[in-house]
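Step one of this worksheet: look at the structure below.
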Amino acid sequence: MTMPRRLLIEQGGAGHRGPALPACDVPQRPLAELFPGVALRADLVFPQVSEPEVVRHFTELSTLNHHVDRGFYPLGSCTMKYNPKIDEELAALAGFARAHPLAGDDATQGCLRAMAEVQRLLAEITGFAAVTTQPAAGAHGEMTGLLLMRAYHRSRGEGGQRRRVIVPDSAHGTNPASVSLVGYETVVIPSGLDATVDLEALAKVLDDRTAAVMLTVPNTVGLFEPRVLEVTRLAHAAGAQCYMDGANLNALVGRVRPGDLGFDVMHINVHKTFSTPHGGGGPGAGPVAVAQHLEPFLPTPVAVAQQDGRVRLDWERPQSIGRVHSFNGNFGVLLRALAYMLTLGPEGLAEVSRVAILNANYLMRRLAKSYDLPNPQHCMHEFVLSGRGLKKYGVKTLDVAKRLLDFGVHAPTVYFPLIVEEALMIEPTETETFDRLDHFASAMERIAAEAAGDAEMLHQAPHTTPVGRLDEARASRDPRLRWNVP
Amino acid sequence: MSFVGLTRDEEQRMLKEIGVARFEELLAAIPQDVLLEHPPRIPGPLSEIELRRLLGTWSRENHAAELVSFQGGGIYDHWIPAAVDALASRSEFVTAYTPYQPEVAQGTLTAIFEFQSMMAELTGCEVANASMYDGATATVEAALLARRQTGRRRVVVAGMVHPHTVAVLRTYLDPGEVTQVQDMAGLAAPAALKAALGPDTACLIYQQPNFFGLIEDPAALHALAHDAGALAVAVCDPIALALLEPPGRTGADLVVGEAQCLGNPMSFGGPLLGYFAAKQSLLRGLPGRLVAETVDRQGRRGFVLTLQTREQHIRREKATSNICTNQGLMALRAAIHMGLLGRVGMREVAGLCVQKSHHAARLAAAIPGYALAFQAPFFREFVLRCPVEARGVVAAGLEFGVSPGINLGRFRPEWRDLLLVAVTELRDANEIDRWALALREAGGAR
């Protein structure tokens, strides 16, 4: 018999406590004297648990997680690759971890050097003129990029007129959400039959009200936009700016520079392409790279390398959009990305995209024998299958996803992109080996066979996980978002 | 080195299965003239040995490792128990993604649920979300929620909200939509605020303790906001809330802020931890992720992401926010930290911050030329008026092995003789004495 799993508040109790604090070694005064007239709280209803039990609690919780270090994690558009251990060690060095953001440039030359180097390397890799490291995540970068383009249009007297952003129907949800955040309007264009941009549909909505075209390259179906140079040319001819969502940069890194495709601005998800860990939902970092004409609008401050080799923060940027973060963005995350880029070097970068593309194409061709493949072209770093062929057995993509968990692998991204029915979006990344890919393919093939033979077993999946399928409808009907105090 | 594990032979077998002779055939859709002939010219490859040497050298170019810190201004040097690092660096937490498949993510989901529970208790609010990027963007999201809720546009900011928070508000909102009201003796000025609030005001935002470390009167500010039909937004330090009456219980509609101080390193200002708590009635307007308790098919307790119809991946342009990736690992660290400190430890930390900062302030006020700039009660942090420019005091600290505080002159020229000093539970009497000596030395140099 095992002990039932309890929340922290359900453990311990009065008299239990965690690690001790030192006794106060300065003269003390009563709080009432120091805080005259200040309303204080009567109590704090918090856990009362010993250190060993807190350690056991979170250790046990950790064992309930699937994670990259344990197994395959083919979440499409998420780039769940291996996260090098050395990067964690370096970000934790006391000189970095204890650095204060307001200590002044002289006291933080090491941090500023690292920031300037991250800016320089990312600009080189993406083919842009300048980079800001302030945005804390991809969506934050999108918003920043949109503000930069808005500032550009305003500087040319076209701010009031250009308020529309064209986004393909295959885009990530963050794209239209970021567009709304800056007060712009989203114009959705349907993808063409081959799931890439339909130039006629684009030309129809491009006009002098268009502020920008936002494109994900490769797109969310995993295809490189074959007419991307045409798209950016058309957009520029109409006076619009071109934004690249860099979520799928892993397919291009070291091989194609987005700046060469005609884009004006992009964000980079360093927690995808540059291998910083996802942490169960962040922190990521979403640096934004821009072409020369957008540089004056970058958020303040920007790290600038001087002639004498020192780096300073430049605050004198009169055209800047302002700050987008309390301090310098997710610096610790950027350090990990820097360590990763330096580990790879030029040839290593190119090897990343090469093997990511190879792995995805191999898996796609194997799985196309047992699942529908709506877009048969060669893919880039990811591909999208459809589970529609299983509907005749009463089996949905959701069932396939849940059953996969029984085989020790994570499910792909499901029901996205929206343009593919019963979508299964699969991104293996370059760090998976041949035999891992084969194991996943075998599991998928077995599930397809199970669908034909025992649909009910799939409806009940997963069978081997710490908990079974959870009742999400109940959770949202009357949401319980905090614990009950016993 | 790119962490791939693929042999030539395996590659040949894969190309054969794909049905192409060469890898380059897979790139047919890419225009030839944009394919690079040579990869970008970046440094490297570096081995672990070389990388450790290089970044080790850079890390030592920061004064941070050897100096004793009295710096605050939004980022604080607090105790992080050893168990926080040990637990939060487990790769089960670090290398997991957002918990999209709850059956294999109960570790992350349970920890977020516990984080939400403790933040709700600290703030006195009914609900709290899974995290925001930082205190400044959490404040922006609060302002945006207030605008949606009230249908009004303008945001009134009480002095002294952190200048960087105000700067980020001004970036997100349009000019004219942010009204900052001058402080009075370092505190929010009720009469001026009342005059600034109007029928177009969505919310009143104040900071507790404020940028100068001073303790505001929350109940009065909440009443001012509500009288004008606006929401009251409190931007609070979570450690201070272990002692102070929670703003949610005296009428704050939204309580948000920066929670780096709960188990997270300063790390040059990021990654940080924004938190967002609210009254129950605002639940469906909340930005970001929420974790709820539910049951599985066997009736066992489990946790899931919930109310996702608010979020960008479902609602797209009509979402409450564009946030997707947030600061999950920082929230986990905060949950472990609060769990370890618990009911007693949280209040002890807050109490030590009060005692030590007041002790330091008394020592400083006794040094010729120095004076407390403000008289109101303060928590952990206070402003000293110095006999010389504050940057001179900061520079003098080096010799004594301390970072004496933040030179406020970097924010406004008229503040150039003001030093913002934070004293946490980490500082002992000897370090505080050494800090006072540095002040004396710097002041005497006039």
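Hey, among A:Val333, A:Val324, A:Val290, which residue is in contact (Cβ under 8 Å) with a residue 40 or more places away in the chain, under 21 Å from A:Ala136 (Cβ atoms) and in contact with a Leu (Cβ under 7 Å, 6 or more places away or on another chain)?
Numbers: A:Val333 fails: in contact with a Leu (Cβ under 7 Å, 6 or more places away or on another chain); A:Val324 fails: in contact with a Leu (Cβ under 7 Å, 6 or more places away or on another chain).
Every option except A:Val290 fails the conditions.
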*Name the helices (runs of 4 or more DSSP H) wholly inside segment A:383-486 in which the number of residues that are of a type in the set (D, E, K, R), under 27 Å from the mean Cα position of the chain (by Cα) and surrounded by fewer than 19 Cβ atoms within 10 Å (Cβ to Cβ) is 1 or more.*
A:434-453, A:472-477
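Within segment A:66-83, take every residue that is hydroxyl-bearing (Ser, Thr, Tyr) and facing chain B (nearest Cβ under 7 Å) and give me the one that is surrounded by the fewest Cβ atoms within 10 Å (Cβ to Cβ). Even if it seems obvious, please write down each step before you answer.
Step one: of segment A:66-83, the residues hydroxyl-bearing (Ser, Thr, Tyr) are A:73, A:77, A:79, A:82.
Within this subset, residues satisfying the condition of being facing chain B (nearest Cβ under 7 Å) are A:73, A:82.
Working: A:Tyr73: 25, A:Tyr82: 18.
The selected residue is A:Tyr82.
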*Output the qualifying pairs, or none if there are none: Cβ atoms under 9 angstrom, residues six or more apart or on different chains, first residue in segment A:453-466 and closer than 15 Å to B:Pro102 by Cβ, second residue of a type in the set (S, T, N, Q).*
A:Pro462/B:Gln101; A:Thr465/B:Gln101; A:Thr465/B:Gln106; A:Pro466/A:Thr63; A:Pro466/B:Gln106
*asked:* Being among the acidic types (Asp, Glu) and surrounded by fewer than 19 Cβ atoms within 10 Å (Cβ to Cβ) is the filter here; which residues of segment B:143-184 pass it?
replied: B:Asp174, B:Glu177
*What are the residue pairs meeting all of these: first residue in segment B:320-331, first residue facing chain A (nearest Cβ under 7 Å), second residue aromatic (Phe, Trp, Tyr), Cβ atoms under 8 Å, and 6 or more apart or on different chains?*
B:Ile323/B:Tyr133; B:Asn326/B:Tyr133; B:Gln327/B:Tyr133; B:Leu329/B:Phe93
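For segment B:219-316, list the strands (runs of 3 or more DSSP E) that sit wholly inside it and hold at least 2 residues that are more than 19 Å from the chain's Cα centre (by Cα); which are they? Walk me through how you get there before you give the answer.
Details: elements: B:231-236, B:254-258, B:274-278, B:291-295, B:301-305.
Result: B:231-236, B:291-295, B:301-305.
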*Mind checking which residues of segment A:2-51 are more than 18 Å from B:Ala335 (Cα to Cα), at the interface with chain B (Cβ under 7 Å from one of its Cβ atoms) and part of a loop (DSSP other than H, G, I, E, B)?*
A:Leu21, A:Cys24, A:Asp25, A:Val26, A:Pro27, A:Gln28, A:Arg29, A:Phe35, A:Pro36, A:Val38, A:Ala39, A:Arg41
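Residue-wise test of (1) over 27 Å from B:Val84 (Cβ atoms); (2) at the interface with another protein chain (Cβ under 9 Å from one of its Cβ atoms); (3) in a helix (DSSP H, G or I).
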| position | (1), (2), (3) |
| --- | --- |
| A:Leu90 | no, yes, yes |
| A:Gly95 | no, yes, yes |
| A:Leu102 | no, yes, no |
| A:Met115 | no, yes, yes |
| A:Gln119 | yes, no, yes |
| A:Glu124 | yes, yes, yes |
| A:Val131 | yes, no, no |
| A:His140 | no, yes, yes |
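Being crowded, with 21+ Cβ neighbours inside 10 Å and more than 7 Å from every other protein chain (Cβ to nearest Cβ) narrows it down to one of B:Ile112, B:Ile75, B:Ile49, so name that one. Reasoning before the result, please.
Details: B:Ile75 fails: more than 7 Å from every other protein chain (Cβ to nearest Cβ); B:Ile49 fails: crowded, with 21+ Cβ neighbours inside 10 Å.
On inspection, the qualifying residue turns out to be B:Ile112.
I'd like to check which helices (runs of 4 or more DSSP H) are fully inside segment B:116-201 and have at least 2 residues that are in contact (Cβ under 8 Å) with a residue 60 or more places away in the chain and either within 16 Å of the chain's Cα centre (by Cα) or within 14 Å of chain A (Cβ to nearest Cβ) (or both). First the steps, then the outcome.
On the way: elements: B:135-150, B:163-172, B:190-196.
Of the helices (runs of 4 or more DSSP H) lying wholly inside segment B:116-201, those with at least 2 residues that are in contact (Cβ under 8 Å) with a residue 60 or more places away in the chain and either within 16 Å of the chain's Cα centre (by Cα) or within 14 Å of chain A (Cβ to nearest Cβ) (or both) span B:135-150, B:163-172.
Okay, residues lined up against (1) modelled with pLDDT of 95 or more; (2) in contact with a Gly (Cβ under 7 Å, 6 or more places away or on another chain); (3) surrounded by fewer than 24 Cβ atoms within 10 Å (Cβ to Cβ); (4) of a type outside the set (Val, Ile, Thr):
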position: A:Glu117; (1), (2), (3), (4): yes, no, yes, yes
position: A:Glu124; (1), (2), (3), (4): yes, no, yes, yes
position: A:Gln161; (1), (2), (3), (4): yes, no, yes, yes
position: A:Thr210; (1), (2), (3), (4): yes, no, yes, no
position: A:Pro218; (1), (2), (3), (4): yes, no, no, yes
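The values are calculated or read from the model by the stated rules, or taken from the named source; none is laboratory data. These numbers were taken from a predicted model, which means no experiment stands behind them. Methodologically, a virtual Cβ is constructed for each residue, glycine included, from the backbone with ideal geometry; neighbour enumeration extends over all protein chains shown.
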